[in-house]
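Structure, as structure tokens:
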């Protein structure tokens with residue numbers, strides 16, 4: 001029965017992953033993500049329901065439009081698969097609970113903003129709002145300590161806001177500030193500091209490698225790395241914090 005539960009969660013998550021692809025493509029263009037039918041970017045062919053089966057439709061069509069034969073980006077099945085795996089892993093770790101579901105919703109939003117920020121150096125405000133709402137829902141239903149999450153809302157975002165103001169936007173983007181404020185509502189102050197630290201380490205190491213190998217510019221999209229840090233904190237934050245504190249107590 002447990003396997004069927006995770007299979008069901010995976011099925012729901014990859015279906016949501018299809019919508020995430022719509023958001024990734026349309027939000028940067030300012031297009032409607034709800035009412036406009038899915039269509040081929042090349043010929044405008046309106047996709048039928050059997051063209052929209054997550055992962056499998058792309059495989060069946062061999063990554064090409066049914067109508068014109070234009071290649072369909074491999075991003076579609078990858079995002080669907082990634083969202084499915086993220087949901088299964090988070091539910092496995094946190095259980096089928098309010099916290100687990102809120103983390104899943106936040107992870108989907110992080111997936112969208114990471115791809116968009118990587119391409120455009122902008123984090124959509126809607127993604128931050130979704131993460132913040134997930135945090136408030138989790139806080140309300142679990143009757144958590146509001147002070148812990150209130151401090152989380154301002155402790156990292158306040159620092160980033162100061163950097164933003166002092167550098168006049170050259171060292172930090174406003175989207176990063178809002179992302180960490182929303183993450184603070186979701187994680188609390190200890191875990192959001194951990195998420196920020198992990199994001200900084202990952203960003204520094206990975207971007208230096210990309211600069212060396214691919215000749216990337218010094219300017220980096222910070223959102224994907226912060227998102228990795230947030231996901232890391234959702235998964236193992238408390239365990240790592242307890243281990244770290246234990247090093248000083250012992």
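For the reader, a short list of remarks on this structure follows.
- Rounded to 0.05, the FRET efficiency of the residue 71 and residue 36 pair, given R0 = 25 Å and the Cβ-Cβ distance, is 0.70.
- Calculated [222 nm] ellipticity per residue, helices only, for the chain: -24500 deg cm²/dmol; basis is -39500 (n - 2.57) per DSSP H run with n ≥ 4, divided by all residues, nearest 500.
- The angle between the Cα long axis of helix 174-187 and the longest principal axis of the Cα atoms of the chain comes to about 70 degrees, rounded to the nearest 10.
- The angle between the Cα long axis of helix 98-120 and the main principal axis of the chain comes to about 70°, on a 0 to 90 degree scale.
- Estimated from the Cβ-Cβ distance and a Förster radius of 22 angstrom, the FRET efficiency linking residue 145 and residue 243 is about 0.50.
- Packing, taken as the mean count of other beta carbons within 10 Å per residue, orders the peptides 123-129, 58-64, 151-157, 109-115 from highest to lowest as 109-115, 151-157, 123-129, 58-64.
- Extent along the principal axes, Cα only, for the chain: 64, 50, 34 Å, with the longest axis given first.
- Modelled FRET efficiency - R0 25 Å, residue 216 with residue 81, Cβ distances, 0.05 increments: 0.45
Only the coordinates and a few stated rules stand behind these numbers; no lab work does. Every value quoted in this text rests on a predicted model; they were computed, and no experiment measured them. Here Cβ is always computed from backbone atoms with ideal geometry, including for glycine, and neighbour counts include all displayed protein chains.
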